[in-house]
Structure formats: C-alpha cells, structure tokens
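Report on the structure given below.
Every read-out reported here was derived from the displayed coordinates using simple, explicitly stated rules and does not represent laboratory data. Every value quoted in this text rests on a predicted model; they were computed, and no experiment measured them. Please note: Cβ atoms are built from the backbone with ideal geometry, for glycine as well, and neighbour counts cover all protein chains shown.
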Amino acid sequence: MSFPNKEDRQRCWGARDKYWECLDKVGEGDQSPCAEFRKLYESSCSSQWIKHFDRKRNYLVFKNKIENEGYEPLTENNRTT
C-alpha cells in the first residue's frame, strides 16, 4: 500500500466534503441526486478512508439527532429483545 501524498489527501477530502454537502441538502430521503458525488468520493479515496469517513458521518448524524431531538430511554414496554 502506498501512502497518499498531499494532493491525494486534498482530493479525497474535497470529494468527501462535496458528497457530505449534497447529503446534507437532500436530507434522509432519496440520496440518488448525490450519486455522482459518491462516485467521485469513491474514486478519490482509499477504501479504508471511505469506510472510516462513512462511519464518522453516521456517528455525527446520530449525535446531531440525539442532541436536537433527544432520545427515548429503553423501558420494559419498548425494549426489543
């Protein structure tokens, strides 16, 4: 595996940022308008970075939702087992 140089990193981060901006604009619904940004993101970043950034985005979206909407604690009535 080769290490990305500065230009590779900037290309990856730029593609990721454009993809995330698109996702923010379209919301949680249909994400097909962002397909071209996703392709650019996948072609600009290594698969390990994509996996990391996708997990990070999922965490940040979850964290934002909890902070803004709150959460419903588990009780015996709504626990799924």
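For the reader, a short list of remarks on this structure follows.
- Degrees separating the helix 47-69 axis from the principal Cα axis of the chain, which is the longest one: 40
- In segment 7-67, Cα pairs under 8 Å separated by at least six residues give a relative contact order of 36 percent.
- Neighbourhood charge, 15 Å Cβ-Cβ cut-off, centred on LEU23 and excluding it, Lys, Arg +1 and Asp, Glu -1: +1
- Shown here: the chain, whose C-alpha atoms stretch 52, 29, 22 Å along the first, second and third principal axes, sorted largest to smallest.
- Highest-first arrangement of 65-73, 7-15, where packing means the average Cβ count within 10 Å: 7-15, 65-73
- Ranked PHE3, PHE53, criterion: other C-beta atoms within 10 Å, fewest first: PHE3, PHE53
- Per-residue ellipticity at 222 nm from helix content only, as computed over the chain with -39500 (n - 2.57) for each DSSP H run of at least four residues, stands at -22500 deg cm²/dmol.
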